[in-house]
Structure formats: C-alpha cells, structure tokens
Amino acid sequence: MEQKTQHAHSDNAPAQTLSFTTKAVHSGEEVDLREGATGDVVAAIHLATTYARSKVGEPGRYEYARLQNPTREALEVKLAALENARYGLAFSSGLAAETTLLLSLLKAGDSILAFDDLYGGTKRLLDQVFTSFGIETSYVDATNALLVENAVKPSTKMVWIESPTNPLLKLADIRAIANVARRHGLILVVDNTFLSPYFQRPLDLGADVVVHSLTKYLGGHSDVLGGALLVNNQQLYERLQLHQNSTGAVLPPFDSYLTLRGLKTLALRMEQHGKNALEVARFLEGHHKVGRVLYPGLESHPQHELAKAQASGFGGVLSFDVKGTAADAERFLERLKIFTLAESLGGVESLIELPAVMTHASVEKAEREKIGITDTLIRASVGIEDVADLIADLKQALA
Ligand SMILES: *Cc1c(COP(=O)(O)O)cnc(C)c1O
C-alpha cells in the first residue's frame, strides 16, 4: 500500500499566520463551500473502512482506513498546526504512539537515554517490553543538560524527556538538551502531554519528535483514549507513517472527532487549569498540614525561571506532601468530595491520586524513594471548576 503525504485541505490562508486559539477552532476543519460540498462547519465522522476507485491502478485520495481516514486526517492537521509541526499522526493511545515511534527508529543494540522521572507507563514500556528486543534504556537526571551529555554512550540513539515530569514536576531545559542531541546525532523526543502545545512547543525549541497522550488535556474531557506524534522532517514522517500503517494502532474516526471537539476549547481550558492550579498551589503552600508543594508556577520551584523561559504557562498538575504517614495521606484523599480519587489527568474535572500506590506502583519502592516519590506524595490534576470550591474541598479534607 502506498504512503500518502499529508496536506492540509485548506484553500484559506496558511495556518501559520493564525494565532493558536484560531487554529484550535479552524485548522483541519476549514469549511468546504465548493459546488457539491456540504458546507459542514465541523469535520464529519467518516466510518467507511475502504474507498472506491474508478481505475484499477489509480486509488483515489483515500484507500483503506488503516492508512488514512478523513476524520483522523482532520485531527492530524489540527494537531500539527497547534504544535507548529509540518506533520501529525494520531494513534489509538499515547503508548501506541510511543511504541510505533520506538519500533520505527530503533533496532537491537541501540539504547535510549531517558529522564529518570517518566510517566509510569512509558517506563514500563521501555523496561519491560523493549528490553526483550535488545533495546536498553538508561535513566539520567535531565534537570541538568550536562548530566545528559555525560551519559551519552556509543549505543545511544535517542533522548526521551518530559517537561514537567510526572509526578515530581521537574523540568528539562529543552533547548539545551536539543543542542546535546544535535552534537551527538541523537533523536530528541519530548512528551508534551503535561503542558500541551498551548503552553509549550518543543519542536520550536529544537526537539525532533513531540509525543502526546491525547487522553489528557488535548481530548480534555476524560472520554477518549488517544495518542499522537508530531514532526517536521518529511523522511521521519514517512517512516512513522509506514510503521503506523504496518502495525495498525490508529485512532478510530469517532475518537478523532471527539478529540477535534475537545481541541476547540484547549486554549480556554488550559488558561483556567493554569489559573486554578496556581491558586491551589499557593493555598497548599500556606497550609500547616502540607509539606513541600511542587508546581513550576511557584516562585519556590527550583526551576521557576526555566519554566517561564521555555513555556508560556505552568499547566494544571501539581504534587504535594501531606504531613504524617501514608495512612494520613489516604484518609485525606478519601475525604475529598469534589476532587475525584482517580488516576489520569487533564480532564475538566479535578482528579487526585497517590502515585506510590496508584500511578507509580510499578516503580520499585527503592527507586521511588531515590527520586523523591514518597508514600505521602499526592498528585492533583486541577480541573476547571470554581477554584473557591476546590480550595474549600481541600481545606475540609485537611482539617
Ligand atoms: C497518560 C500519559 C501517557 C500515555 O498515554 P495513554 O493515552 O494513556 O496511552 C504518556 N505520557 C504521559 C505524560 C501521560 O500522562
């Protein structure tokens, strides 16, 4: 099956000249007023799995839905516009996107250098799945680009970072690490799930690949599982697309539609998530039953200046220690009424969890303690509710 080169189906002005908020609404979904077109103002959900052609040797624009589908394509165009990328690909989950990326670019004997505070699922994929194929990952404290450079080995092919990380909200200097990657001929992958392209655009800072879990802020409503890869290099895009089509973990049309719908309000939601998280962080910092509060928007965050320099906001996720024992932390969580005790993040509703027992239970205790994930560390994804209600809820649960 042939590969297809992606093209924005727009006769309008190029998307790059528009502001983020406008692209979030319109890119990929430009209204088609040509004769015979419907004039839909939202992308239609195309369910067909195969597409007719009139000549045997000449496929039309679409051939088969694993290769491409108009609804998924609209989403890929919108995602690319938002990340300032030339190309986008949408997958059935964030981890499916990661798997395709790793299979496309690495082979046995290659190694990856990754931030030591990574999303638990990514760590599990690297440590428990890819090791069986002879691809090893070593971990480094990427808050310091020098440590990253010193850890490069002859077998290193890829550097993998998140910024901010999960759940410790540590930052990596993306520009500095992009320079390290360039000097050593490595591919720099940035998982941009936590800030979303509204607050941070890693390709503009020198990254080669942006990874997203669409499940979080981009979908934004805790009702769709998806992932994406965004790149500027055409050869890289074609390679990823070949692997996407060959391995098949594509985002279905209905999920593509839901993500398109979610993205239209990304700017509004991220603004509110950011404002609420900062207020909640300040409240927690002043509470006598709370220990450290980790949020890049606080002046007390050790990398607050870097956060301001490479991103335009600080996101909606924060972590904090409840003073006392693990049992005290559990009691606090179970008393909350508006914050929902659940894994995941990035939805309009506030979610809260205990990483040591929930999202990061697969990380060994010794390793957790080494990097700072204590048994009383709580991670909150601050939603877009009225912040006064959120703070009142935290206050009553801490009392
Ligand atoms: C959730 C998440 C992923 C994995 O995405 P799924 O859609 O759950 O497969 C990867 N990275 C980060 C930072 C995440 O939060």
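Looking at (1) under 20 Å from T100 (Cα atoms); (2) among the polar types (S, T, N, Q); (3) touching a residue at least 24 places away in the same chain (Cβ under 8 Å), which is the only condition T131 fails? The one condition T131 does not meet is (3). Could you list, in sequence order, the residues of segment 237-267 that are hydrophobic (A, V, I, L, M, F, W, C) and touching a residue at least 40 places away in the same chain (Cβ under 8 Å)? Passing the criteria: L240, L242, A249, V250, L251, F254, L260, L263, L266, A267.
Conditions tested, residue by residue: (1) buried (at least 24 other Cβ atoms within 10 Å of the Cβ); (2) within 16 Å of the ligand (Cβ to nearest atom); (3) outside the structural domain of G297 (by TED's automatic domain parsing).
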position: D173; (1), (2), (3): no, no, yes
position: A178; (1), (2), (3): no, no, yes
position: H184; (1), (2), (3): no, no, yes
position: I187; (1), (2), (3): no, no, yes
position: L195; (1), (2), (3): yes, yes, yes
position: D204; (1), (2), (3): no, no, yes
position: G219; (1), (2), (3): yes, yes, yes
position: L225; (1), (2), (3): no, yes, yes
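Residue count for segment 219-241 satisfying the condition of being more than 30 Å from L268 (Cα to Cα) and aliphatic (A, V, I, L, M): 2.
Scanning segment 307-351 for residues that are under 27 Å from S213 (Cα atoms) and free of Cβ contacts under 8 Å to residues at least 12 places away in the same chain, we see that the one that is surrounded by the most Cβ atoms within 10 Å (Cβ to Cβ) is A342. Of the residues making up segment 97-137, those that are under 18 Å from F194 (Cβ atoms) and in contact with a His (Cβ under 6 Å, 6 or more places away or on another chain) number 1.
Has segment 171-183 got at least one residue that is modelled with pLDDT of 95 or more and either among the hydroxyl-bearing types (S, T, Y) or on the phi > 0 side of the Ramachandran plot (or both)? First the steps, then the outcome.
Kept after step one, since they are modelled with pLDDT of 95 or more, are these residues of segment 171-183: 171-183.
Now narrow it down to the ones that are either among the hydroxyl-bearing types (S, T, Y) or on the phi > 0 side of the Ramachandran plot (or both): none.
Checked against the condition, which is being modelled with pLDDT of 95 or more and either among the hydroxyl-bearing types (S, T, Y) or on the phi > 0 side of the Ramachandran plot (or both), segment 171-183 yields no hits at all.
Residues that are surrounded by 20 or more Cβ atoms within 10 Å (Cβ to Cβ), touching a strand residue (DSSP E or B) at 6+ places or on another chain (Cβ under 8 Å) and either at pLDDT 95 or above or among the small types (G, A, S) (or both) are absent from segment 260-272.
Yes/no per residue for (1) farther than 23 Å from N179 by Cα; (2) surrounded by 14 or more Cβ atoms within 10 Å (Cβ to Cβ); (3) touching a Cys at 6+ places or on another chain (Cβ under 9 Å):
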position	(1), (2), (3)
A108	yes, no, no
F115	no, yes, no
L118	no, yes, no
S132	yes, no, no
E149	no, yes, no
P154	no, no, no
K157	no, yes, no
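Applying the criterion of being farther than 18 Å from L203 by Cβ and of a type in the set (V, I, T) to the residues of segment 55-87, the residue that is nearest to the chain's Cα centre (by Cα) is T71.
I'd like to check something: does segment 237-257 contain any residue that is basic (K, R) and within 16 Å of the ligand (Cβ to nearest atom)?
Pass one, segment 237-257, residues basic (K, R): 239.
In the following step, the residues that additionally are within 16 Å of the ligand (Cβ to nearest atom) were identified as none.
No, segment 237-257 contains no residue that is basic (K, R) and within 16 Å of the ligand (Cβ to nearest atom).
Filtering segment 121-167 to residues that are of a type in the set (A, V, I, L, M) and either modelled with pLDDT under 95 or within 12 Å of the ligand (Cβ to nearest atom) (or both) leaves L125, L126, I161.
Report yes if R61 is in a loop (DSSP other than H, G, I, E, B) and without any contact (Cβ under 8 Å) to a residue 60 or more places away in the chain, otherwise no.
Spelling it out, R61 is indeed in a loop (DSSP other than H, G, I, E, B) and without any contact (Cβ under 8 Å) to a residue 60 or more places away in the chain.
For segment 170-213, the set of residues classified as touching a His at 6+ places or on another chain (Cβ under 7 Å) and not β-branched (V, I, T) consists of N192 only.
Here segment 77-111 is the region considered, the condition is being among the charged types (D, E, K, R) and away from the ligand (no atom under 16 Å from the Cβ), and the residue that is farthest from T131 (Cα to Cα) is K78.
The values are calculated or read from the model by the stated rules, or taken from the named source; none is laboratory data. Predicted model, so just to flag it, every value in this text is computed and none were measured. Glycine gets a Cβ as well: all are built from the backbone with ideal geometry, and neighbour counts include every protein chain shown.
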